[in-house]
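A.B. asks: One structure, as structure tokens, below. Some questions next.
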Amino acid sequence: MAKGYLPADWDQPQGFDTFEGQRDVFGDGRIVLLPVPGHTVGMTAALVALDDSGEFLLASDAIAVEANLTQGYAPKNSWNLDKAVEAIDDLRKIGERGATIIFGHDDAQWQSLRKGAAFYA
């Protein structure tokens, strides 16, 4: 096993795309992928703009739990701690301008989010 990556996870018929910098998925600003290396080399967050609910930043493992953001420390299993802290700072700025940050593994936050028929739009 190569650092936790299993060939079966990546050997998929649809393949995958690599990119540099930000990537606007549909060219309309609705879903923008943001490079946030640190936790892993190619870690990506997604900034999603919804009509009624505003912007949501899906931070994934770049900000696993709220404490990573509020206390400014990277998850302990980060590939590169300096880059991980830099990514947290970059994502914090997006939150400060009004986006709701969804942490990758924060159960308390998950319990507070709307789900199912009470979806965000």
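A.B. asks: Using a Gaussian network for the chain with springs between C-alpha atoms less than 10 Å apart, which of these wobbles most: 29, 54, 21?
C.D. replies: Maximum fluctuation in the GNM of the chain, among the listed residues, is at 21.
A.B. asks: Could you sort the peptides 102-114, 58-70 by per-residue average Cβ neighbour count (10 Å cutoff), highest mean leading?
C.D. replies: Numbers: 102-114: 13.2, 58-70: 20.5.
Final packing ranking: 58-70, 102-114.
A.B. asks: Build a GNM of the chain with springs between Cα atoms under 10 Å: which of 75, 13, 35 gets the top mean-square fluctuation?
C.D. replies: In the Gaussian network model the winner is 13.
A.B. asks: Sticking with this one: Summing -39500 (n - 2.57) over the DSSP H runs of n ≥ 4 in the chain and dividing by its residue number, what mean residue ellipticity at 222 nm do you reach, to the nearest 500 deg cm²/dmol? All intermediate terms of the calculation are to be shown ahead of the outcome.
C.D. replies: Working: 4 runs with 31 residues, N = 121.
Dividing the helical sum by the residues of the chain leaves -7000 deg cm²/dmol.
Every number in this text was worked out from the coordinates using simple rules, so none of it is lab data. Computed from a predicted structure; not experimentally measured. Please note: Cβ atoms are built from the backbone with ideal geometry, for glycine as well, and neighbour counts cover all protein chains shown.
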